[in-house]
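The values are calculated or read from the model by the stated rules, or taken from the named source; none is laboratory data. None of these values were measured; they are calculated from a predicted model. Ideal geometry is used to build each Cβ from the backbone, glycine not excepted, and the neighbour counts take in all protein chains shown.
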């Protein structure tokens, strides 16, 4: 190579290095500055999950380098499965799309739901602000005071459909404790179900979230209009010291695993996530920002004002660990869970 050609080669190499170095050294802040992040929510506008997501979206720019804008995109459908499929299949994997799912959605593929075409273990989980507790509730006028009473006396419980959470919960308690609860399906939404209990169309409800009771029917507590027979989920509620925690009642190891798997959606609460394969530094920045928002006192005050429960935040790593644990449970436990969950 001549001296002239060698000099030209060196100049071109130097120019190439200068042109490529910004891309190689781009920071998270560089990437997000001026960007808009699409925040896909797997429920319709106006519900508590949508409100939680919108509140998060106003605080996340404060803690994410580059301070991008966040725009909520409601994507209801198939009980949340539509959003999960899109986040897994077609959403951008560069950190400009995130999502929020109901706690049961990550386990739908495991239960054999054909419409669920995603692998929950491959999502990048950002965290969850809350852990839910389910309460088996019976109207006081029925005379039922304990779960032992329900082993001899059948009651009716309000439910939306045969495979909805209240119906599944009734079957689960029958499987584990031998209680007698017959779901009456067709009630659209929690508000109608609670009204049905008050009007004595049904005797109770197999799975009211304790946070919902406190927000929607505080008089059931203060006026003792309802009996809270059982509780189960991610945590034992301090506000229910006299209500048995089902995990304390179940003794057989295989039954305890079934209950743990069935309670996992409650333990997840309202998890948020990124699609798979987002660059590691951006994913870590988003995870850190999410946990910082959960700890922000102004965010907590906003959440409390809107009756949003922030009771037990979990990190993305903890959410991932919980999902992995349930998916790795013995096949016979998963088979029992499917039998209880899908009729």
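Which residue is surrounded by the most Cβ atoms within 10 Å (Cβ to Cβ), if the candidates are limited to segment 87-104 and must be under 18 Å from the mean Cα position of the chain (by Cα) and over 18 Å from residue 45 (Cα atoms)? Break it down stepwise before answering.
So the first thing to find is which residues in segment 87-104 are under 18 Å from the mean Cα position of the chain (by Cα), and the list is 87-88, 97-104.
From the residues that got through so far, the ones that are over 18 Å from residue 45 (Cα atoms) too are 87-88, 97, 104.
On the way: 87: 24, 88: 20, 97: 19, 104: 18.
Filtering segment 87-104 for residues that are under 18 Å from the mean Cα position of the chain (by Cα) and over 18 Å from residue 45 (Cα atoms), the one surrounded by the most Cβ atoms within 10 Å (Cβ to Cβ) comes out as 87.
Is there a residue being under 15 Å from residue 246 (Cα atoms), surrounded by 14 or more Cβ atoms within 10 Å (Cβ to Cβ) and free of Cβ contacts under 8 Å to residues at least 24 places away in the same chain anywhere in segment 133-142?
As a first pass, look at segment 133-142 and keep what is under 15 Å from residue 246 (Cα atoms): 133-137.
Filter again for surrounded by 14 or more Cβ atoms within 10 Å (Cβ to Cβ), leaving 133-137.
Still in the running and free of Cβ contacts under 8 Å to residues at least 24 places away in the same chain: none.
No.
Find the residue count for segment 45-60, including only residues that are at pLDDT below 95 and over 15 Å from the mean Cα position of the chain (by Cα).
The number of residues fulfilling the criteria is 2.
Return the only residue of 343, 287, 304, 339 being in a loop (DSSP other than H, G, I, E, B) and more than 18 Å from residue 105 (Cβ to Cβ).
343
If a residue counts only when it is buried (at least 22 other Cβ atoms within 10 Å of the Cβ) and modelled with pLDDT of 95 or more, which helices (runs of 4 or more DSSP H) contained entirely in segment 218-270 have at least 2 such residues? Walk me through it before giving the result.
Working: elements: 218-222, 246-249, 253-268.
Filter on segment 218-270 gives 253-268.
Only one of these is touching a strand residue (DSSP E or B) at 6+ places or on another chain (Cβ under 7 Å) and at negative phi: 188, 174, 152. Name it. Step through it out loud before you land on a result.
Details: 188 fails: touching a strand residue (DSSP E or B) at 6+ places or on another chain (Cβ under 7 Å); 152 fails: touching a strand residue (DSSP E or B) at 6+ places or on another chain (Cβ under 7 Å).
Just a single option satisfies the conditions, and that option is 174.
Return the pairs, sorted by first residue and then second, in which the second residue is surrounded by 14 or more Cβ atoms within 10 Å (Cβ to Cβ) and part of a helix (DSSP H, G or I), the first residue lies in segment 191-203 and is assigned by TED's automatic domain parsing to the domain that holds residue 158 and touching a residue at least 40 places away in the same chain (Cβ under 8 Å), the beta carbons are less than 6 Å apart, and the residues are 6+ apart or on different chains.
Close Cβ pairs (under 6 Å, with a partner that is surrounded by 14 or more Cβ atoms within 10 Å (Cβ to Cβ) and part of a helix (DSSP H, G or I)) amount to 202/196; 203/142.
Is one or more of the residues making up segment 61-76 within 18 Å of the chain's Cα centre (by Cα) and in contact (Cβ under 8 Å) with a residue 60 or more places away in the chain?
In the first step, residues of segment 61-76 are kept if they are within 18 Å of the chain's Cα centre (by Cα); the result is 72-76.
Of the ones still in play, those that are also in contact (Cβ under 8 Å) with a residue 60 or more places away in the chain are none.
Checked segment 61-76: no residue is within 18 Å of the chain's Cα centre (by Cα) and in contact (Cβ under 8 Å) with a residue 60 or more places away in the chain.
Hey, can you tell me all the residues within segment 80-111 that are in contact with a strand residue (DSSP E or B) (Cβ under 6 Å, 6 or more places away or on another chain) and either part of a helix (DSSP H, G or I) or closer than 22 Å to residue 48 by Cβ (or both)?
Across segment 80-111, the qualifying residues are 83, 87, 98, 99, 100.
Can you pull out the residues in segment 151-169 that are crowded, with 24+ Cβ neighbours inside 10 Å, over 21 Å from the mean Cα position of the chain (by Cα) and in a helix (DSSP H, G or I)?
Residues satisfying the conditions do not exist here.
Of the conditions (1) out of contact with any strand residue (DSSP E or B) (no Cβ under 7 Å at 6 or more places or on another chain); (2) in a loop (DSSP other than H, G, I, E, B); (3) modelled with pLDDT under 95, residue 65 clears all except one; give me its number.
(3)
Somewhere in segment 150-160, is a residue more than 23 Å from residue 245 (Cα to Cα) and in the same structural domain as residue 242 (by TED's automatic domain parsing)? Break it down into steps so the answer makes sense when it comes.
Step one: of segment 150-160, the residues more than 23 Å from residue 245 (Cα to Cα) are 160.
Adding the requirement that they be in the same structural domain as residue 242 (by TED's automatic domain parsing) leaves 160.
There is at least one residue in segment 150-160 that is more than 23 Å from residue 245 (Cα to Cα) and in the same structural domain as residue 242 (by TED's automatic domain parsing).
Please indicate, with yes or no, whether at least one residue in segment 41-48 is assigned to a strand (DSSP E or B) and closer than 30 Å to residue 155 by Cβ. Give the steps one after another, and end with the answer.
Going through segment 41-48, the residues assigned to a strand (DSSP E or B) turn out to be 41.
Of the ones still in play, those that are also closer than 30 Å to residue 155 by Cβ are none.
No, segment 41-48 contains no residue that is assigned to a strand (DSSP E or B) and closer than 30 Å to residue 155 by Cβ.
Out of curiosity, is residue 114 out of contact with any strand residue (DSSP E or B) (no Cβ under 9 Å at 6 or more places or on another chain) and either surrounded by fewer than 15 Cβ atoms within 10 Å (Cβ to Cβ) or not assigned by TED's automatic domain parsing to the domain that holds residue 178 (or both)? Spell out how you get there, then give the answer.
Values: out of contact with any strand residue (DSSP E or B) (no Cβ under 9 Å at 6 or more places or on another chain): yes; either surrounded by fewer than 15 Cβ atoms within 10 Å (Cβ to Cβ) or not assigned by TED's automatic domain parsing to the domain that holds residue 178 (or both): yes.
Considered against the rule, which asks whether it is out of contact with any strand residue (DSSP E or B) (no Cβ under 9 Å at 6 or more places or on another chain) and either surrounded by fewer than 15 Cβ atoms within 10 Å (Cβ to Cβ) or not assigned by TED's automatic domain parsing to the domain that holds residue 178 (or both), residue 114 comes out as yes.
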